[in-house]
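Comments concern the structure below.
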Amino acid sequence: MAYKIIVSPRVQKEIENAIDYYALYDSNAPVNFISALKEALLH
């Protein structure tokens with residue numbers, strides 16, 4: 001069964017905040033975070 005995931009504006013903002021935070025400490029961290037998030041949402 002396929003599910004449709006809807007990201008609310010609040011969640012989108014939290015994701016953006018996390019990306020900005022991780023970018024402060026490591027330039028690769030945001031890419032890794034996005035990859036992990038996509039992996040978690042797709043499987």
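Selection of segment 4-20 for residues being of a type in the set (D, E, K, R) and in a helix (DSSP H, G or I) yields Arg10, Lys13, Glu14, Glu16, Asp20. Restricting attention to segment 21-43, the residues being assigned to a helix (DSSP H, G or I) and either surrounded by 11 or more Cβ atoms within 10 Å (Cβ to Cβ) or more than 13 Å from the chain's Cα centre (by Cα) (or both) number 12. Filtering segment 2-15 to residues that are at pLDDT 95 or above and surrounded by fewer than 10 Cβ atoms within 10 Å (Cβ to Cβ) leaves Ser8, Pro9, Arg10.
Yes or no: Ala18 exposed (fewer than 12 other Cβ atoms within 10 Å of the Cβ), among the hydrophobic types (A, V, I, L, M, F, W, C) and modelled with pLDDT of 95 or more? Considered against the rule, which asks whether it is exposed (fewer than 12 other Cβ atoms within 10 Å of the Cβ), among the hydrophobic types (A, V, I, L, M, F, W, C) and modelled with pLDDT of 95 or more, Ala18 comes out as no.
The values are calculated or read from the model by the stated rules, or taken from the named source; none is laboratory data. Bear in mind the structure is a predicted one, so any value in this text is a computation, not a measurement. Positions of Cβ are backbone-derived with ideal geometry, glycine not excepted, and every protein chain shown enters the neighbour counts.
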